[in-house]
Amino acid sequence: MRVAVDVERCEGHGRCYMTAPELFEADDIGNGRERGDGTVPPDLERKARVAVANCPERAITCEEAN
Amino acid sequence: MAEHPPVTDWRTDFDHTDDVWAADPYPIWDELREQCPVAHSERYGGVWLPTRYDDIAAIAYDTERFTSRSIIVSEFRPPRMLAPEGIAPPISSDPPVHKEARRLLLPIFSPQAIDKLEPSTRAYCQELIKAMGDRDVVDAAAEYAQHIPVRVIANMLGLPEEDADVFRGFVNHVLEGVSLPLEKRAEGMINLFGYLQGHMEDHMANPRDDLITFLLESEMDGKKLDPFQVVRTIALLLIAGIDTTWSAIGASIWHLAGNAADRQRLVAEPDLLPVAMEELLRAYAPVTMARLVREDMDWNGCPMKAEEWVLLPFPSANRDPAAFEDPDKVIIDREVNRHAAFGLGIHRCAGSHLARMELRVALEVWLEAFPAFELADPDAVRWSGGQVRGPRVLPVKINV
């Protein structure tokens, strides 16, 4: 699984990095961004889905692994 | 609040400053959402009131047809010549100038910057608890919640802490004085800007390590900010940061005072607080914003006229059953909670990370000091009306 924050949609609510700090972090203006290349370790997949579901701007995409 | 005649029909003649709305707006919104999802009132020169999540979101995102030139509904519409910056940038600004005015503020309010304010905020909350002495009943709104954001924002800006009552007077005037006659309202604004002007001039002569100095030294488009813009931005930070956070802290304490099971769970599981806070923010979101209609238009069947207001009741969006399961239930471990308490789109509350830190620390300190508390007199609780709703009188029995 891989997550990515759409920088055009993100408005910096911060719900992703509050919900799943292992997967997301804040940039210098408080917008969210995925850590590294956004790859989600298997034990954090559930957390990733919760973060996606809590983004008020629906700015996070989540690609399920094949 | 009583300057306007009471409301008899919420579908055609609503008034968000009505006492019934202040006491409990949720049944009003629930009924409108079902029967008249975009209501209209002739008051204030014309106001629209969407109550469904999707409509509120659509208007918040539509910065083309709805302007933020003014975001507080009153009889007074700021002159169009103030656009596109508006009276208090960036909250009152439209694209494209909005972006840069906001960009200036965001680093100051980033989570990393806000973390540094946590120890002093905690110490101040503890001081407030200590000052309560050993009484059985305290007013959690007047003696606790209201002081926290005033102190924090005064310190950030570099304004004297002892002027707390002065700031609260300004805030009260701007947010709750919306029914005052125009001359009175203008007088209050002039006093506010005069006060800030004085402090700005003092900062120009004596720069220091605070937000007023930072703004005075900031540049946009390679030029120093116009001092008038600095004053307007300071006014925004002062006004937007006080009543709102005060309301969120008060409403959270009110909920926990009336719901022993939630209170006990948070005392037993303090790590749940960040999730519980999002639920309290959803259920009791304090802030309703507003826009002005830019041009005459038909909006989803509503004949909107230029310069009419549109209220954006984010607290109603947060109670829409189409967007949230069991929206009227407070579920403190609600896992999926895409609430709009801090708005949606480009005007997302720039101070939301500060507000969350203050709310979390205020609740942590309160729960540590008073693991068991309840409403001393539920009928004595008073809520503010208008666009920022929260308890203003909140007698709580501590140490029960």
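The values are calculated or read from the model by the stated rules, or taken from the named source; none is laboratory data. Every value quoted in this text rests on a predicted model; they were computed, and no experiment measured them. Here the Cβ positions follow ideal geometry from the backbone for every residue, glycine too, while neighbour counts run over all protein chains shown.
Scanning region A:18-30 for residues that are farther than 20 Å from B:P107 by Cα, surrounded by 20 or more Cβ atoms within 10 Å (Cβ to Cβ) and not small (G, A, S) returns A:T19, A:L23. Of all the numbered requirements in (1) free of Cβ contacts under 8 Å to residues at least 40 places away in the same chain; (2) part of a helix (DSSP H, G or I); (3) facing another protein chain (nearest Cβ under 9 Å), B:V336 misses one, and that requirement is (2). Looking for something farther than 19 Å from B:L272 by Cα and touching a residue at least 24 places away in the same chain (Cβ under 8 Å) - is there at least one such residue anywhere in region A:43-51? The answer is yes, given that some residue of region A:43-51 is farther than 19 Å from B:L272 by Cα and touching a residue at least 24 places away in the same chain (Cβ under 8 Å).
With respect to A:P21, is the statement that it is within 14 Å of chain B (Cβ to nearest Cβ), closer than 22 Å to B:H339 by Cβ and touching a His at 6+ places or on another chain (Cβ under 7 Å) true? Here the answer is no, as A:P21 does not meet what is asked.
Residue under question is B:V73, and the condition is that it be buried (at least 23 other Cβ atoms within 10 Å of the Cβ) and of a type in the set (A, V, I, L, M); does it hold? Write out each step before concluding.
Values: buried (at least 23 other Cβ atoms within 10 Å of the Cβ): yes; of a type in the set (A, V, I, L, M): yes.
Criteria met by B:V73.
The residues listed here are B:I28, B:I114, B:I108, B:I72; of these, the one that is within 26 Å of B:H353 (Cα to Cα), in contact (Cβ under 8 Å) with a residue 12 or more places away in the chain and away from chain A (no Cβ under 14 Å) is B:I72. For B:E201, the requirement of being out of contact with any helix residue (DSSP H, G or I) (no Cβ under 9 Å at 6 or more places or on another chain) and farther than 30 Å from B:A362 by Cα is not met. Listed residues A:R15, A:R49, A:R33; which is surrounded by fewer than 20 Cβ atoms within 10 Å (Cβ to Cβ) and within 11 Å of chain B (Cβ to nearest Cβ)? Step by step, each of A:R15, A:R49, A:R33 is checked, and only A:R49 is surrounded by fewer than 20 Cβ atoms within 10 Å (Cβ to Cβ) and within 11 Å of chain B (Cβ to nearest Cβ).
Being assigned to a loop (DSSP other than H, G, I, E, B) and modelled with pLDDT of 95 or more holds for only one residue in B:A355, B:A341, and it is B:A341. Evaluated against (1) more than 21 Å from B:R102 (Cβ to Cβ); (2) within 14 Å of chain B (Cβ to nearest Cβ); (3) touching a strand residue (DSSP E or B) at 6+ places or on another chain (Cβ under 7 Å), A:T61 falls short on exactly one condition, (2).
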